[in-house]
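The values are calculated or read from the model by the stated rules, or taken from the named source; none is laboratory data. Treat the numbers as computed from the prediction; the structure is a model and nothing was measured. Using ideal geometry, Cβ is built from the backbone for each residue, glycine included, and neighbour counts are taken over all protein chains shown.
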Amino acid sequence: MTKKILIVGGGLAGTIIANGLCRQLTKQIKSGDVAITMLGTSDQHMYQPGLLYIPFGKMREAELFRDQRKVLDKRVPYFIDPAKNIDTDKKEVTTDSGKTYTYDYLVLATGSRIMPQSIPGMAESAHWFYDLEGARKMRSALDDFEGGKIVVNVNVPHKCPVAPLEITFMLYDYLTEKGVMDKTEITYTYPIGRLHGLEPVALWAQPEMDKFGIKYETFFNTKEVDPDNKTITSEEGETLSYDMLVTIPPHSGAEVISSSGLGDGGWVPTDKKKLLMDGTTDIFVCGDTTNIPISKAGSTAHFEADVVIDNLTSILTENRWARDYDGKVYCFIETGMDEGTYVWFNYTTPPNPGPPSQMIHWFKLAYNRLYWLSARGLL
Amino acid sequence: MSQRKTIDARGAFCPGPLMEVIAALKLIEIGDEVEVWSTDQGTVKDLPIWVDKVGHKLIETNECDGYWSLVVEKTK
């Protein structure tokens, strides 16, 4: 009897898992003992971290995309047919087209999405780089920018937790290069009482901002944006004026997760070590989709995906659990246009970022190309 | 009857317990509560400051076996 693995989501997490399982279960797939199917929303696979470079013209749009069917192992049927309802009692997923897919093992990798519309006035007036359309608009706005007040505004929750700092320091370098930084004031706002969730990163960022004259406001959780008067106000009662507002919008999980009753906000309650949906033994959750209190980042999804691959493979071939996820996260941090650093940590090892260097910046640029090997399960 | 959502943020370095609380409060109704478990002593200092600034209500702070438990009621 064929064991059916259904992967919902064709982003980084789902794709790495599909490709990794194909490599580990070659014989079982060939014999028909295992079948893997993926449901996605697009024929294109996007390298999301590359969006950071689009506003500055440092990457071309075409460099962010590959045909999903070429990234995915040919043994995995891929349907651009978004999941509409997930019924974990019946072990089936119904799609927008009305088809129903049954499974023995389900992988939920539905990701996250930006929700600027959840804050009054934000969608109408803010710029962001978390999707292609937003990054294009921001690029255009920066082309026209000749000085004034820029507010870089960070909201909760959001993915890629170092991106707000990266965009701030890259803005500084870009505007300096353009010759308008002396006519510009940058203010960075952050929801908690320091400049980053990671304390060592916050301790590094503060003197850097002081050095460049970048202002900051902490304990700033956005309540509303007034597009007419160009002001942004926090729940804590602060109001800032801006000429250009760059926001890291709040995120939400996929609609199908919440509408199927699998998790508030689209985040699935997940065992932080097993990566199984709470109370289940047949539903793995990976990447941004989990409610695990760690960074929503590509590296998180990648390290989690490796664990899911090992465990699904061991369950199907040896009827045993292989290993737990240790909470590993690794993030490059661009500290400007020419230097970078990195940080890694797991559930038991605190982060300890090193000094920025040009070498690490180059590593990040190299990884922007190597990503496609990761997605294919080769790196 | 108010509902209580518990976040086990023990060992969570990023985005950190307070960011998890802020995100969780967005998803619950007024009058409901969020309980966070944190191994970061900074949470005991930062969370009450933020709760006070925004106007939510800190219900409990307890030191447990190797971690702290803090409960916040959403008031607005």
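Against the criterion of being within 14 Å of chain B (Cβ to nearest Cβ), in contact with a helix residue (DSSP H, G or I) (Cβ under 8 Å, 6 or more places away or on another chain) and farther than 22 Å from residue A:308 by Cβ, residue A:156 qualifies.
Residue-wise test of (1) within 24 Å of the chain's Cα centre (by Cα); (2) within 14 Å of chain B (Cβ to nearest Cβ); (3) without any contact (Cβ under 8 Å) to a residue 40 or more places away in the chain.
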| residue | (1), (2), (3) |
| --- | --- |
| A:186 | no, no, yes |
| A:191 | yes, yes, yes |
| A:195 | yes, yes, yes |
| A:200 | yes, yes, no |
| A:206 | no, no, yes |
| A:209 | no, no, no |
| A:212 | no, no, no |
| A:223 | yes, yes, no |
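Give the residue, chosen from A:347, A:367, A:371, A:342, that is touching a residue at least 12 places away in the same chain (Cβ under 8 Å), assigned to a strand (DSSP E or B) and not assigned by TED's automatic domain parsing to the domain that holds residue A:214.
On the way: A:347 fails: assigned to a strand (DSSP E or B); A:367 fails: assigned to a strand (DSSP E or B); A:371 fails: assigned to a strand (DSSP E or B).
Exactly one residue qualifies, and that residue is A:342.
Pick from the range A:250-259 the residues that are under 14 Å from residue A:86 (Cβ atoms) and buried (at least 19 other Cβ atoms within 10 Å of the Cβ): which of them is farthest from the other protein chains (Cβ to nearest Cβ)? If you could, list the steps in order and put the result at the bottom.
To start, the set of residues in the range A:250-259 that are under 14 Å from residue A:86 (Cβ atoms) comprises A:253-259.
Now drop any that are not buried (at least 19 other Cβ atoms within 10 Å of the Cβ), which leaves A:253-254, A:256-257.
Details: A:253: 10, A:254: 15, A:256: 17, A:257: 13 Å.
This residue is A:256.
Scanning the range A:146-171 for residues that are surrounded by fewer than 23 Cβ atoms within 10 Å (Cβ to Cβ), farther than 16 Å from residue A:51 by Cβ and out of contact with any Ser or Thr (no Cβ under 8 Å at 6 or more places or on another chain) gives a single hit, A:146.
Can you tell me which residues in the range A:316-336 are buried (at least 18 other Cβ atoms within 10 Å of the Cβ) and of a type in the set (A, V, I, L, M, F, W, C)? Once the filter is applied, which keeps residues that are buried (at least 18 other Cβ atoms within 10 Å of the Cβ) and of a type in the set (A, V, I, L, M, F, W, C), the range A:316-336 yields A:316, A:329, A:331, A:332, A:333. Starting from residues that are within 14 Å of another protein chain (Cβ to nearest Cβ) and part of a strand (DSSP E or B), keep the ones in the range A:225-237 and report whichever is surrounded by the fewest Cβ atoms within 10 Å (Cβ to Cβ). Checking each candidate, the answer is A:233.
Filter the range A:59-78 down to the residues that are within 20 Å of the chain's Cα centre (by Cα) and either in contact (Cβ under 8 Å) with a residue 12 or more places away in the chain or not assigned by TED's automatic domain parsing to the domain that holds residue A:17 (or both) and list them by number. Even if it seems obvious, please write down each step before you answer.
Our first condition is that a residue be within 20 Å of the chain's Cα centre (by Cα); within the range A:59-78, this holds for A:59-68, A:71-72.
Within the range A:59-78, A:59, A:61, A:63, A:64, A:65, A:66, A:67, A:68, A:71, A:72 qualify.
Could you look through the range A:8-55, keep only residues that are polar (S, T, N, Q) and within 21 Å of residue A:131 (Cα to Cα), and pick out the one that is surrounded by the most Cβ atoms within 10 Å (Cβ to Cβ)?
A:15
Considering A:218, A:231, A:184, the condition of being of a type in the set (Ser, Thr, Tyr) and touching a strand residue (DSSP E or B) at 6+ places or on another chain (Cβ under 6 Å) is satisfied by A:231 alone. For the range A:79-102, the set of residues classified as touching a residue at least 40 places away in the same chain (Cβ under 8 Å) and surrounded by fewer than 22 Cβ atoms within 10 Å (Cβ to Cβ) consists of A:79, A:80, A:81, A:82, A:84, A:85, A:87, A:88, A:91, A:95, A:101, A:102, listed by residue number. The residue that is surrounded by the fewest Cβ atoms within 10 Å (Cβ to Cβ), counting only those in the range A:103-137 that are in a loop (DSSP other than H, G, I, E, B) and touching a Cys at 6+ places or on another chain (Cβ under 9 Å), is A:130. The criterion of at least 1 residues that are surrounded by 15 or more Cβ atoms within 10 Å (Cβ to Cβ) and at the interface with chain A (Cβ under 7 Å from one of its Cβ atoms) is met by the following strands (runs of 3 or more DSSP E) wholly inside the range B:1-71: B:4-8. When you go through A:313, A:300 one by one, which is the residue that is more than 11 Å from chain B (Cβ to nearest Cβ) and at pLDDT 95 or above? Just a single option satisfies the conditions, and that option is A:313.
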